[in-house]
């Protein structure tokens, strides 16, 4: 094997090890903490599970929903919708819980 192939193989091994460490750390997270954080502070559940890309998607979706459902009367003060807040909290909780379950399954336990 020439030097180029060795470097590529080493990079591939390194990438697989990083992914395995990430999945292992996620599999070690507690469901109850995720549920508590997801209900009280949805972003906290993403921070706890260290799922940054999923958190950015959640924030983008929340921002998009905020833009779509703005009051028609611009002089009216904007207030967050309780329904959307509850749906966001439940969605974040379910998303992070499923991610933990997926990681535990992937780790074989």
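The values are calculated or read from the model by the stated rules, or taken from the named source; none is laboratory data. Everything numeric in this text was worked out from a predicted model, so none of it was measured. FYI the Cβ positions are ideal-geometry reconstructions off the backbone, even for glycines, and counts take in every protein chain you see.
Computed values, structure above
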read-out: Candidates 67, 37, filtered to the one that is in contact with a helix residue (DSSP H, G or I) (Cβ under 9 Å, 6 or more places away or on another chain) and assigned to a helix (DSSP H, G or I); value: 37
read-out: Identity of the residue in segment 24-34, in a helix (DSSP H, G or I) and either touching a residue at least 24 places away in the same chain (Cβ under 8 Å) or in contact with a strand residue (DSSP E or B) (Cβ under 7 Å, 6 or more places away or on another chain) (or both), that ends up farthest from residue 85 (Cα to Cα); value: 24
read-out: Enumeration of residues in segment 1-23 that are in contact (Cβ under 8 Å) with a residue 12 or more places away in the chain and either loosely packed, with under 11 Cβ neighbours inside 10 Å or farther than 15 Å from residue 101 by Cα (or both); value: none
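Yes/no matrix, rows are residues, columns are (1) exposed (fewer than 14 other Cβ atoms within 10 Å of the Cβ); (2) closer than 25 Å to residue 31 by Cα; (3) out of contact with any strand residue (DSSP E or B) (no Cβ under 9 Å at 6 or more places or on another chain); (4) at pLDDT 90 or above:
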position	(1), (2), (3), (4)
73	yes, no, yes, no
77	yes, no, yes, no
90	yes, yes, yes, yes
96	no, yes, yes, yes
99	no, yes, yes, yes
102	yes, yes, yes, yes
108	yes, yes, yes, no
